[in-house]
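Take a look at the structure set out below.
Laboratory data are not the source of any read-out in this text; all were calculated from the coordinates shown. Quick caveat: nothing in here was measured; it's all calculated off a predicted structure. Cβ placement follows ideal geometry from the backbone for every residue including glycine, while neighbour counts extend to all protein chains displayed.
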Amino acid sequence: MRPPAGAIQGGAGWPERVLPQADIHPRSVVPACRAPLPRPGTSSVTHEDTASTDHHRAAFLADVVAGLSAPVKQIPPKYFYDDAGSELFDRICELPEYYVTRTETAILRDYARDIGDALGARVMLIEPGSGSSAKVHLLLDVLEDPVAYVPVEISREHMLASLAPLRERYPGLEILPVAADFTAGFTVPESTREPARRVVFFPGSTIGNFRPDDALTLLSRFAAVAGPGGGLLLGADLRKSPAVLEPAYDDSAGVTAAFNRNVLTRINRELGGDFDPGAFRHRALWNEPESRVEMHLVSLRDQRVHVGGTAFDFRAGEPIVTEYSHKYTLAGMADLAQQAGFRVEQVWTDEQEWFSVQYLVR
Ligand code: AVI
């Protein structure tokens, strides 16, 4: 076995090889809904995590101050996912209105064999933003002799806690966790056995949370990670009626509203802000020309808020943009894929064509 450069111990009781990489944040950019496999508790705060806390707080503060100073106020969606936000997102995934998770899971289940055949034998599976690795078992159950699984996740603890059930379920599988912000780039460790090909697994339609230019940059990066002959198995949500889309992002139980407002609570706690989350209303609306659902927090009154010593004035009715969720046509995604250096090998959808799982190859 070739130990990768920079290997460290993963923490109490977890003899893990984890590659620490650049720009590691304490929280995940990309969440995953709760794993169907049990998630044991663990505590493995490393020196690296502690040392980087100040850096992450400074980056969070800089992003919030810049976003609230912009002509249209905004807060990047990656800051949704503190512990409370991740719990709320798990609840969103189970809402009757939020079709995304259950539709994608049904496609992965229904077409598991076809997907396994398309990816082929001896694959190295790389999952950027793996979170709790909730969906990868759907592939690992059907792949022929997979060589290695490489979860890439900012939140080291989250990642390590999720790997124990996978190790139990797939004792022969080499698991090579990488602690990194995948949007900042990462290096894929070498596996002991030579893979036939590398396949990047990027489910959940997280691609939709990137603006088209950034989505292209990300897909191009994935093409480089996959390498010649490699592939990308992508979950991409599709355009559909606003009558379906808007309730998916504004559910009747108010879970998405709580998820949206939670970012203000997080700013108060971590950056010493004085937001009154109750003074902002959740709004989700379909932007037809941009083909995206937008989530906003709308100020209910004229108010002044402070974050990190800077004052921000809000007019009644003024929004903060907190998330874009782009919805693609199959042709639109094929075009983006092609620009990124992929071609569409196969597409699986549900009967209503609400969601797609796409195998893109280089
Ligand atoms: C993580 N991402 C794909 C979700 C989405 O559908 O855009 C985030 C989300 N926001 C509100 N509900 C779900």
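Of V305, V321, V152, the residue with the greatest mean-square motion in the GNM of the chain, using alpha carbon springs below 10 Å, is V305. Arranged from fewest to most other beta-carbon atoms within 10 Å of their beta carbon, Y249, Y324, Y149 become Y324, Y249, Y149. All distinct Cα pairs of the stretch 47-143 go into the 1/r average, and the inverse of that average, the Kirkwood radius, is 16.9 Å. Looking at the stretch 244-362, what % of the alpha carbon pairs are farther apart than 18 Å? When every Cα pair of the stretch 244-362 is considered, 63 percent fall beyond 18 Å. Where a ≥ b ≥ c are the square roots of the eigenvalues of the C-alpha gyration tensor, would you call the stretch 101-216 rounded, which needs a/c under 1.5, or, failing that, prolate if a/b is larger than b/c, or oblate? Taking the square roots of the gyration eigenvalues as a ≥ b ≥ c, the stretch 101-216 is rounded. Site pair E345 and D145 shows an inter-label distance of 1.7 nm when each label is modelled 7 Å from Cα along Cα→Cβ. Between H55 and R113, what's the calculated FRET efficiency when r is the beta-carbon distance and R0 is 35 Å? Round to 0.05. Calculated transfer efficiency: 0.20. Estimated purely from DSSP H runs of n ≥ 4, each contributing -39500 (n - 2.57), the mean residue ellipticity at 222 nm for the chain is -10500 deg cm²/dmol once divided by its residues.
Diffusion coefficient (Stokes-Einstein, Kirkwood radius over C-alpha pairs, 10 °C, 1.306 mPa s) for the stretch 309-362: 110 µm²/s, rounded to a whole number. Dipole magnitude for the stretch 110-210: about 80 debye, using +1 per Lys or Arg Cβ and -1 per Asp or Glu Cβ, origin at the Cα centre. Rounded to the nearest Hz, the phi-derived 3J(HN,Hα) couplings of the stretch 308-316 under the Karplus curve 6.51 cos²θ - 1.76 cosθ + 1.60 (θ = phi - 60°) are x, x, 9, 9, 10, 9, 10, 8, 4, where x marks glycine and proline.
Rounded, prolate or oblate, given the Cα gyration tensor of the stretch 165-212, with a/c below 1.5 counting as rounded? Note, shape of the stretch 165-212 comes out prolate. Summing +1 for each Lys or Arg and -1 for each Asp or Glu among the other residues whose beta-carbon sits under 10 angstrom from that of G227 gives +3.
Spin-label pair R193-E318: with each label point 7 Å from Cα along the Cα-Cβ axis, the two points sit 5.9 nm from one another.
To the nearest ten degrees, helix 47-69 and the longest principal axis of the Cα atoms of the chain are 50 degrees apart. Relative to the longest principal axis of the Cα atoms of the chain, helix 212-226 runs at roughly 20 degrees.
So what's the angle, to the nearest 10 degrees on a 0 to 90 scale, between helix 156-169 and the longest Cα principal axis of the chain? Relative to the chain, helix 156-169 is tipped by roughly 40 degrees. Charging the Cβ of each Asp and Glu at -1 and of each Lys and Arg at +1, and nothing else, the dipole of the stretch 222-283 about its Cα centre rounds to 100 debye.
Neighbours of K135, meaning other residues whose beta-carbon lies under 9 angstrom from its beta-carbon, give a summed charge of -2 when Lys and Arg score +1 and Asp and Glu score -1.
A P(r) calculated from all alpha carbon pairs of the chain, with 20 Å bins opening at zero, reads 30, 59, 12, 0 percent. Shape of the stretch 205-247 from the C-alpha gyration tensor: prolate (a/c of 1.5 or more and a/b above b/c, with a ≥ b ≥ c the square roots of its eigenvalues). Using R0 = 56 Å, the C-beta based FRET efficiency linking A62 and E246 works out to 0.95. Dimensions of the stretch 162-261 along the principal axes, based on C-alpha atoms and rounded to the nearest Å, stand at 49, 34, 23, largest first. Neighbours of L271, meaning other residues whose beta-carbon lies under 13 angstrom from its beta-carbon, give a summed charge of -2 when Lys and Arg score +1 and Asp and Glu score -1.
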